[in-house]
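To keep things clear, I will list the structure first and then write my remarks on it.
The values are calculated or read from the model by the stated rules, or taken from the named source; none is laboratory data. Bear in mind the structure is a predicted one, so any value in this text is a computation, not a measurement. Cβ placement follows ideal geometry from the backbone for every residue including glycine, while neighbour counts extend to all protein chains displayed.
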Amino acid sequence: MARLGFKQILSIMLVNLIALWLTYGYLVAANPLTIKDVPGRLSCRLLVDYPEMIVYGARFSISGRLICEDKIPPQLMVQALLICGDIHTLTVNATTIGDDGTFKVDLEASFPKPSTSKTQCGVTVHVISKTVSTGLIDKKTLTMMVPS
Amino acid sequence: MKRIIEILLPILVVSSYLKVLSLSGISSILMIRRWSMAKPLSIVFINDFIDCLAIALIALTVSVLLAYRHGKHLSLLSISASALSLVFLTLSLYFYSALISLLIGLFLTTYAILLKKEIHLFSLARCLFSLLLLIEAIGVVGWILYILHGGINPYTEPLPLQDLETKMIYSLSSLTPILATLFMLSTLLLIIVKPLKPIEGSRPAELLDRLRAFIKSAVSNLSKQSEKYGAWGNIFLFSALIIPVLATLLLYTPVVNPSNMTVSVDILHYINFLRRAQESSQNDLEFLYEVLNSDRPLTLLMIYSISKMIAVDLRIASIYLPVILSPFFTLSLYYLALNLFKNKLYSSLACFLAATGPFTTASLYGGFLANWLGLSLSYLSLAMMIKSIEQYSMKPLLLSILLSILSHLAHPVPWNFLIAAVTLTVLLAVAQRNSGRSILKFLAVFIAVNLLYDFIKTRVLNFIGATVVAESIVSTELSPDNLVNFWPINVFMIYFHVGGAFNFPPTYIFALLGMAVFTIARFLKFDILKMWVLAGLPLYLFGPDYVQARTLQNIPIDIFASGGLAIVLEYFLFKDKMLSALLLISIYLLYLNNLLRFIVNLPF
């Protein structure tokens, strides 16, 4: 008759603990049914005020408002992306949307100085929830002046 | 009639599975034009009613056919269940209708194969693989049409052919964090379960012995059967060399990347560093000093030299560098795998899995150029070391040391993994007393020279080096808090980090199988691979999302995956050659879909 020693008991306990931990991970964190709680396309409108012109090296703001049919959903954020010039690198910043739906994002070009005195930049404003895009997007092309 | 059942059963199981998935409202996180979005996994062929009706009718047909042949109560039960599925359909309860059809499909499959032996498992598997192959082929056609046509929504234009394959794969995505974590824990688990042995003479012990005997004989005879599939080996290797190059070029075409954005995140850092170094240096010597004082001088010098040689700016040199890095990585991985498997087919397969799987997609998103080069050199170094051990020769060992030092110069992380893996292997060998002293001497020399080199670079010359980077990561990034919050961090890493590049479940399934194979077929060279994974475990458990991702990026997971597939293919080659061919084509298309899906969605 085989007997269980200390090593076997410890081994069984550890295996069970790891199995429980993995099961918890699957059921709680990675459960596919919880992913559907992330909001899809919201029944909201996004209004954004852009500056007329931006200047390389100077900070500027993009403000706006989210207008929803119902209450503004919690934990929403606005992420603004700036893509300028020939190098096409990104400048990103994000801010939380207030309870009244307003927001203000500060941006500053943090890429190498363009060689031209004027360049075109694309600004994209996304409304995101828990890092997932809600599909609400607004875009505009701005002119950036590059001081000599 | 038997043939009809063989064809209808896989169709019933797959279609009802997809429909249950669709009607349950489950979503997954997909990268669509650079953005990670929650996309419902809804699949509608015609409309929900007709789809469910067709599935219920297939279930009814198979049930009737089986009842006709056997007339048993169980067949009659499935006819009743099929009728119930139709009743739910008339009540517009589509989800329950599809769910019953799926249960009938699974029940009838078990019934027909195990209880009645009506159909053979391999015949059914052949039909199932053919069906999956068809879905994969349609997906590839969809992506190719999109690349030729372009558009706004990559999943629906010009035809939604690729949508079905994507949703089918992403339906398994919730398993990815568990599978990846299980793979990372597997070496530790093997140590934990070691004291648990089945009682001698019992049925489990007998089964385990048979499995061991099969795997051992399959691993030692890998070359015999599969060498007949040399053409497949060539196809996989050629594809692994050429496809990532084409992908890199495609990334900057107007159809895929209309805004011509720099898709790889870290490229900006390379450009900025080199520009700053150029501006702050008075002469070439100062520039060289600046570059050598970084943690990845070889990569930076490579970008700079290419930019000077072919007179292109640093951005162009950086974004197209994968055209060189990827084939180099493929060749070094091939050489390493060849030293491990002694088999061309499975070595080529490992290369193909890496070239089209998470390693390449993550590298393209992140622009991990230095990591790409560093890991290639580390793999070559390891291959040379295995060669030196097998031949008891110093010459390959010297080459191995030289390559590891080059790896140190290319990027600190792969070098750290290599040294940690070899050190753990030495400790394991000493603890088990199962390796010759000469082998241990070889490994000790390798470690000592590398550590001495790093010591001189970092502590004597005060340059930045691998151990300094490792110290910094361990002291600043690793924390018990990350272990407490492991699952949210890990799920975020899998779904969102580098665009969800690591969210590809097949790799982890095959790799887990490979880990089992490498454990049973005990060789020192496989132990080094296992120790490589063990070296990454603390980083994976205690690190934040980007450290976890970098760990997955730097372990030879595709060699494990190839090892796992090798055993399945060897079994099929032994039992049913047609099935092995179907599996190989399915794997090819599955991974090709993964790369195409990723690169098409990489730019805005």
Subject >> Single match in B:ALA420, B:ALA448, B:ALA470 (criterion: more than 28 Å from the chain's Cα centre (by Cα) and either in contact (Cβ under 8 Å) with a residue 24 or more places away in the chain or in a helix (DSSP H, G or I) (or both)) >> reply: B:ALA448
Subject >> Test for B:ILE191: is it free of Cβ contacts under 8 Å to residues at least 60 places away in the same chain, within 14 Å of another protein chain (Cβ to nearest Cβ) and part of a loop (DSSP other than H, G, I, E, B) >> reply: no
Original post:
How do the helices (runs of 4 or more DSSP H) wholly within the stretch B:521-604 filter down when requiring 2 or more residues that are of a type in the set (Phe, Trp, Tyr) and surrounded by 19 or more Cβ atoms within 10 Å (Cβ to Cβ): which remain?
Top reply: B:524-542, B:557-575, B:577-601
Original post:
Does the stretch B:141-158 contain any residue that is closer than 30 Å to A:VAL28 by Cα and either buried (at least 16 other Cβ atoms within 10 Å of the Cβ) or at pLDDT below 90 (or both)?
Top reply: yes
**OP:** Could you tell me whether the stretch B:499-508 includes any residue that is under 18 Å from the mean Cα position of the chain (by Cα), modelled with pLDDT of 90 or more and among the aliphatic types (A, V, I, L, M)?
**Re:** yes
**OP:** Could you run through the stretch A:96-124 and say how many residues are within 12 Å of chain B (Cβ to nearest Cβ) and in a strand (DSSP E or B)?
**Re:** 4
Original post:
Restricting to helices (runs of 4 or more DSSP H) lying wholly in the stretch B:265-334: which have 2 or more residues that are of a type in the set (Phe, Trp, Tyr)?
Top reply: B:267-280, B:284-292
Original post:
Do the conditions hold for B:ILE178, that is, is it within 20 Å of the chain's Cα centre (by Cα) and free of Cβ contacts under 8 Å to residues at least 40 places away in the same chain?
Top reply: yes
Original post:
Taking B:SER80, is it more than 14 Å from chain A (Cβ to nearest Cβ), surrounded by fewer than 19 Cβ atoms within 10 Å (Cβ to Cβ) and at positive phi?
Top reply: no
**OP:** Could you run through the stretch B:582-600 and say how many residues are farther than 17 Å from B:ILE509 by Cβ and under 13 Å from the mean Cα position of the chain (by Cα)?
**Re:** 2
Original post:
When only residues in the stretch B:18-33 that are surrounded by fewer than 20 Cβ atoms within 10 Å (Cβ to Cβ) and touching a residue at least 60 places away in the same chain (Cβ under 8 Å) count, which is nearest to B:ASN257 (Cα to Cα)?
Top reply: B:ARG33
Original post:
With (1) within 14 Å of another protein chain (Cβ to nearest Cβ); (2) modelled with pLDDT of 95 or more as the list, and B:VAL323 as the residue in question, which single condition is left unmet?
Top reply: (1)
Subject >> Sole exception among (1) within 14 Å of chain A (Cβ to nearest Cβ); (2) under 30 Å from B:LEU596 (Cβ atoms) for B:PRO488, by number >> reply: (2)
Original post:
Restricting to the stretch B:186-223, what's the tally of residues that are under 13 Å from B:ILE520 (Cβ atoms), charged (D, E, K, R) and surrounded by 12 or more Cβ atoms within 10 Å (Cβ to Cβ)?
Top reply: 3
